[in-house]
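Please treat every number below as a calculation from the coordinates, not as lab data. The structure displayed is predicted, hence computed values, not measured ones. FYI the Cβ positions are ideal-geometry reconstructions off the backbone, even for glycines, and counts take in every protein chain you see.
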Amino acid sequence: MKKWHISNLYLIFVFLVLYLPIIYLIFYSFNAGDTMDHFSGFSWRHYGTLLSDSRMISIVLNTLIIALLSSLIATIVGTLGALGIYSTKKAAVKNGLLSLNNVLMVSPDVIIGASFLIFFTFLGFSLGFGSVLLSHIAFSIPIVVLMVLPKINELPATMVDAAYDLGATTWQTLTKVILPAITPGIFAGFFMAFTYSLDDFAVTFFVTGNGFSTLSVEIYSRARQGVDLEVNALSTLMFIVSLLLVVGYYLLGRYNQSRRMQRVKAAEAKINQ
Amino acid sequence: MHKKTTYLIPYMLWIGLFVIAPMALILYQSFFNISGHFTMGNYEQYLTNGVYLKMTFNSILYALIITMSTLLISYPTALLLNRLKNKQFWLLLVILPTWINLLLKTYAFIGLFSQNGSVNDFLRFVGVGSHQILFTDASFIFVAAYIEIPFMILPIFNSLAELNPSMINASRDLGANSWQTFRRVILPLTMPGVKAGFQAIFIPSLSLFMITRLIGGNRVITLGTAIEEHFLVTQNWGMGSTIGVVLILAMFVVMYLTRDRKAKGGRIQ
Amino acid sequence: MANSVIEFRQVNKSFDETKVLDEIDFEIEAGKFYTLLGPSGCGKTTILRLIAGFADATSGDILFEGQKINELPANERQVNTVFQDYALFPHLNVFENVAFGLEIRKISKTEIKTAVNEALKLVHLSDYGNREISELSGGQQQRVAIARAIVNEPKVLLLDEPLSALDHKLRKEMQGELRDLQRRLGITFIFVTHDQEEALAMSDQIFVMNAGKILQSGSPVDIYDEPINHFVADFIGESNIVPGKMQRDYVVNFDGQDFSCVDAGMKPNEAVEVVIRPEDLDIVAVDTGQVNVTVDTQLFRGVDYQISAHDKMNNEWKINSIHKTSVGQIVGLAFEPEDIHIMRYHETEDDFDARLETYE
């Protein structure tokens, strides 16, 4: 086992392939020149451009506001939904609700985006901040449910009985017994909804209209116009933020997963059951 | 106990408005032509006009190539990762790139693959000479596979980690060599992971339109690109929805084909 | 020994800094039922893994029919294992599981069919070939695991605590069946267990192990009657172990009195331990036995009473008696010189055997 295997070369190759494009991107963000193919010297120039780009800064703020608001609302609705699913007695109804809950987990983003676009247009709802926020809330709710529900299911049934036995009302039982016990699940759901929102491109792209933009959409439209080292500078900053988030989650022991990874896990669970 | 129903009001509203209504609307919309008249024309056109069928066939072919090449790279990787000492740490390193915005990773390849980019520099260096890489089928497949690799490694890694080591000992004990053990025991027992990876990659490969747009140029058209085009460029929502319905059907077919066929679930523990 | 199938010569095994096996030496003869007996972590399973080829010895030689097999991979060894968790392949049905080893050896389909059916018949599962593993009970899975191993006609069958997951009744049943199977097939069985009753009931030879060492080997009767030290006496069956002093050959002193015994070869006045099995003690009226004891507790167990008592030197005595006493009562204990077994401190098995030679 301790011997050096040729197979390690293969692993090194895979890791190189995984990380080289990212390192490449970051490397050229320090290029004094304007292209991603010739490094003409070290410079902070593109970071300067990025920080004085008021359009980019307002887009970052928009993205953060959408992420915070949508994850907050999705957490509330999702937690209530999980409590509702938990207290549903009929197995058929419960399974039906869970299946509906998973529809947006398994659907491809283009389908979610296109169907939401039809939906908003059908209602005459104008596209912009509102439609993006509602869409983000919508696709974040199921993950909150999936994070919270197992925590509720883990609660011993006798705990709730004990609360009633000790004279607590339904409301007191909820706020003083159930909610504190499922707080870790609620937080996990919130953080995950937050990262989903930050990461989303396809759904936003469909429902954003003309006036409003988020970071992903902005990166896409700039990338379509070719190389722009301001985007490289932005990716360095986003990489650092992602790294900090991952380390933070890891240290908190709340091992977080991107939206896609969560989908993989859902698929695994389905196949394994 | 009347509280129980009040819990559910916002959640039920969400299910009604954002799950059922949009899905119903996409089906409804697929029966309307560009001027708003009810018609079966979209489906008729989809099935009779060779362009759509060819596009669908190509999209499925691309998705298959992407998924299979990802599988070929990921299975050995997962196998080797499982033998490492701090395997959870290495797995985290595999997952880390999935945290970086998909568009940024795709954007990196615009630079790497450009006429004077590093890949062409390298090709010139080894004497092959520079090539047009960007906007080719190969570049699209490569970038898509690059993005999907972690999503294939993770489920395979997990199913390998769950594999009872005494299964491997038992196989060796019964006379099987390493290759026979792999083919007869390890591979069949990790099929659930492979299937999960397949599901997780095949469907997005049909629908990720941003990679086709940025890397494939307008050469590669997938189901996802076609939907985006019809909704956001040509404004032919009816046809877009029809293709959307096809994509949803494709999703169900894939999920059906990759389900656990032999409902054995006989994990001994 | 011409007949030896497996031999260990000064085998050591360490994981990092911890020594799991310490200078293990033994020989296994063909056609017998061996048991490695010891508490968990004593190294018994490690020995099995070394024989099967799942682990490598840190030092020492492992021989199979006189050939060193340290480097031979597991799939080329003529031994088969019945695993503790059975390790049946969940993706294969019963027939396919049993056929696995034969298919690897590229034996013809018809021969495989005959051999598998034969093996399934042997473990009373003739009609189960098409069942899935998940449909079987624990006892049935156990039988499939045995069939899967014996169908390959190994020279040695290794059994790693195969009965530990079964309930008491099934366990007793399987003990008998395994013993019977070994006699019929004539294959060497090496059986690992921590259950001393199981070991005594099934084995021709028992190796008692503790802390990476083989403490004593011998037939069940030898080991039960003449345990080499405190650990073995305590681990196998119930024992009364009291400190004593060897006055001279055939006379031992404990509880302040001299008793005649059948042991010899110690130094005069040597401190020893005296073993008397609880079932060898008879309760008699005060002063009519060899020792007087005061009853502390008494438990009714159905067949008999389990009585705990102490003598005047405060040694504890366990007695199994069909006669009832009462707590606090003083009774006499009667036993014969043959019931007394003397153990020296720190005597190795070789010294023990050599001493027996001198007077037996």
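At what distance in angstrom do the alpha carbon centres of the range B:1-54 and the range C:92-150 lie from each other?
53 Å
Note down the Stokes-Einstein diffusion coefficient of the protein assembly as shown in µm²/s, whole number, using a Kirkwood radius over alpha carbon pairs, 20 °C, and 1.002 mPa s.
Numbers: Rh = 33.5 Å.
Answer, rounded: 64 µm²/s.
Can you list the aspartates and glutamates whose alpha carbon sits under 19 Å from that of B:LYS87, skipping same-chain ones fewer than 8 residues off?
B:GLU162
Using the 10 angstrom Cβ neighbour count as an exposure proxy, how do A:PHE194, B:PHE89, A:PHE30 rank, fewest first?
Sorted ascending by nearby Cβ count, the order is B:PHE89, A:PHE30, A:PHE194.
Counting pairs of Cα atoms in the range C:266-360, how many percent are more than 17 Å apart?
Working: 2521 of 4465 pairs.
Tail of P(r) above 17 Å: 56 percent of Cα pairs.
When the distances between all Cα atoms of the range C:73-133 are binned every 10 Å from zero, what whole-number percent does each bin get?
Calculated P(r), rounded to whole percents: 20, 53, 26, 1.
Regarding the range C:84-175, what's the average projected area of the Cα-atom convex hull, expressed in nm²? Mind dumping the intermediate values first?
Details: hull surface 23.4 nm².
Orientation-averaged projected area of the Cα hull: 5.8 nm².
How much of the DSSP beta bridge set in the protein assembly as shown is antiparallel, as a percent to the nearest 5?
75 percent
Averaging sequence separations of C-alpha pairs under 8 Å and six or more residues apart, then dividing by the length of the range C:1-97, give the relative contact order as a whole percent.
28 percent
Among the aspartates and glutamates, which have Cα under 20 Å from the Cα of A:LYS176 when same-chain residues fewer than 8 positions away are ignored?
Filter leaves A:GLU154, A:ASP161, A:ASP165.
Going by amide H atoms built from the backbone, whose H comes under 5 Å of the H on C:VAL284, apart from near neighbours?
C:GLY332, C:LEU333, C:ALA334
Per-residue HN-Hα couplings for the range B:36-45, Karplus 6.51 cos²θ - 1.76 cosθ + 1.60 at θ = phi - 60°, whole Hz, x for Gly and Pro?
x, 9, 5, 7, 9, x, 4, 5, 4, 5
Rg/Rh for chain B: what does it come to with C-alpha atoms and Rh from Kirkwood?
1.05
Quick check on the exposure proxy: order B:ILE73, C:ILE62 from fewest to most C-beta atoms within 10 angstrom.
Lowest to highest Cβ neighbour count: B:ILE73, C:ILE62.
Measure out, as a whole number of angstrom, how far apart the alpha-carbon centroids of the range C:237-253 and the range B:109-184 sit.
So the separation of the two Cα centres works out to 72 Å.
Just for the range C:4-225, what percent of DSSP beta bridges are antiparallel, to the closest 5?
Within the range C:4-225, antiparallel bridges account for around 55 percent of the total.
If the limit is 25 Å between Cα atoms, which of C:LYS44/C:LYS172; C:LYS68/C:LYS113; A:LYS89/B:LYS195; A:LYS90/A:LYS265; B:LYS54/B:LYS105 go over it?
C:LYS68/C:LYS113; A:LYS89/B:LYS195; A:LYS90/A:LYS265; B:LYS54/B:LYS105
Only Cα pairs under 8 Å and at least 6 apart count here; give the relative contact order of the range A:54-272 as a rounded whole percent.
Computed over the range A:54-272, the figure is 31 percent.
What area, in nm² and to one decimal, does the C-alpha convex hull of the range A:102-171 cast on average over all directions?
With every direction weighted equally, the projected area is 7.0 nm².
Could you work out which residue, out of B:ALA24, B:ALA161, B:ALA200, moves most in a Gaussian network model of chain B, that is, has the largest mean-square fluctuation with Cα springs under 10 Å?
It is B:ALA24.
In the range A:60-167, which trypsin sites (Lys or Arg not before Pro) fall in coil by DSSP and have 12 or fewer other Cβ atoms within 10 Å?
Sites meeting the loop and neighbour criteria: A:LYS89, A:LYS90.
List the aspartates and glutamates whose alpha-carbon lies under 16 Å from that of C:LYS109, not counting same-chain residues fewer than 8 positions away?
C:GLU96, C:GLU118
I'd like to know how the range B:141-234 sits against the 2.2 N^0.38 Å rule of thumb: what's its Cα Rg over that expected value?
Details: Rg = 19.2 Å, N = 94, 2.2 N^0.38 = 12.4 Å.
Ratio of Cα Rg to 2.2 N^0.38 Å: 1.55.
Stick to the Cα atoms of the range C:307-360, pair each with every other, and give me the Kirkwood hydrodynamic radius in Å at one decimal.
14.5 Å
So if the hydrodynamic radius of the range A:54-272 is defined as the Kirkwood radius over C-alpha pairs, what does Stokes-Einstein give as its diffusion coefficient at 25 °C and 0.890 mPa s, in µm² per second?
Once the numbers are plugged in, D ends up at 129 µm²/s.
I want to verify a result. In a Gaussian network model of chain C, Cα cutoff 10 Å, which of these has the top mean-square fluctuation: C:VAL11, C:VAL98, C:VAL303?
C:VAL303
Quick check on the protein assembly as shown: helices-only [θ] at 222 nm, where DSSP H runs of length 4 and up contribute -39,500 (n - 2.57) each and the sum goes over total residues. Nearest 500, please. Please report the intermediate quantities before stating the final value.
Values: 35 runs with 477 residues, N = 902.
Calculated at 222 nm, the ellipticity per residue is -17000 deg cm²/dmol.
So what is the relative contact order of chain C, in percent, for Cα pairs below 8 Å that sit 6 or more residues apart?
That works out to 15 percent.
So which residue, out of B:LEU27, B:LEU174, B:LEU134, gets the largest mean-square fluctuation from a GNM of chain B using Cα contacts under 10 Å as springs?
Largest GNM mean-square fluctuation: B:LEU174.
Could you let me know the centre-to-centre spacing of the range C:302-360 and the range C:39-56, using Cα atoms, in angstrom?
The two parts, judged by their Cα centres, are 34 Å apart.
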